[in-house]
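Any read-out appearing in this document is the output of simple, stated calculations on the displayed coordinates, not a laboratory observation. Please read these numbers as outputs of a predicted model, since none were measured by experiment. Reconstructed Cβ throughout: ideal geometry from the backbone, glycine too, with neighbour counts over all protein chains shown.
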Amino acid sequence: MTGILTWYLLGRNTCVAAACIRLPLFNAHQLEVIPSVTMTLGSVLATTAPVSVGPYHYVPTEWICVLFVVLYSISTVLHLGQALKYKLWWMIPTATFAGILEILGWSARLWSSRNPKLLTPYEMQIVGTIIAPTPLVAANFIILGRIITQVGPQYSRLTPKTYTIFFCCFDIVCLIVQAVGGASAAHSANTKTSASMGANIMLGGIAAQLFAIVVYATMAAETLLRLKYNAPFRYVEQPRILEKGQRAVSKNLQLMLCGMAFCTLCIFIRSVYRTVELANGWNGPVISTERYFDWLDGGLVTLAIYTLNFFHPGILVKKDDHTAHTSQQGSDEEASTT
């Protein structure tokens, strides 16, 4: 039977450089020879190598996308329920909204796992996963302002109200910049034009957020150090006076601070990753590797958002602690005068 060549690889050290087999195919009805199909040994082996598919340069793993959609959905429902229970309405546009954005982003990646070449889900996941942690950072800013109110505003460079307004406004600016950059990149992907401008805008937004996190953490550390060594930064009319044996920071506030520190660390590492990712461009090795995104974005943001579920300000930061302490202090002063 002509055209069939069989290779036998004999010997322990035998090496085949290349092989080419031409197999003429016959049509059973017309008995005509169809043009031969060329098959090389190299092409057969190449089928096991990863193939660049769609804008991701890989196909998102379906079960991982499902896992993150479920995890973020659970956390978001918990945050909404906790916000309603403890009447912390600001947790809805912050932590709850962050969860909704993550659900949107990972649902789009789930869509891409079945249709990796579609641009619409790719554009959705760009915007969703980029801006989602920003409202979560704002929640940490507000919580720190409330903690400063309780431990003593005199130890902080900024008043609790100014602290919250300044950092939240800066966070909103970062959110807008990242959203504009994501929309620009998505539009460029849709029109098949260069998306470098959108990437640079997003990179600027993430870098600004990274800077805000560093300043926020530095000022928080300074406040706690001043509290520890009783070194007030400024004068307040009604300073907090510790009673004998009273802790400067209660156990609940210590837990809240530990939770906030871990949450901030997760978001900080994630922001560093996204900065490196976008700096390398849309075709760089970092953005083209799925496991980096799964661990350093999805995994870290999951830890951050669940941290605020378990270390919730409604449980650990009582709204009436400071007022109760002030009223008790006034009662003691009245009793001492009588």
Query - Modelled FRET efficiency - R0 41 Å, Ala221 with Ser73, Cβ distances, 0.05 increments - result: 0.75
Query - Label-point gap, in nm, between Tyr235 and Cys169 - each point 7 angstrom along Cα→Cβ - result: 2.7 nm
Query raised in the report: With Cβ to Cβ distances under 12 Å as the rule, what net charge do the other residues near Gly128 carry (K, R +1; D, E -1)?
Result: -2
Query raised in the report: Quick one: putting +1 on the C-beta of Lys and Arg, -1 on the C-beta of Asp and Glu, what dipole do you get for the range 97-237 around its Cα centre, in Debye to the nearest 20?
Result: 120 debye
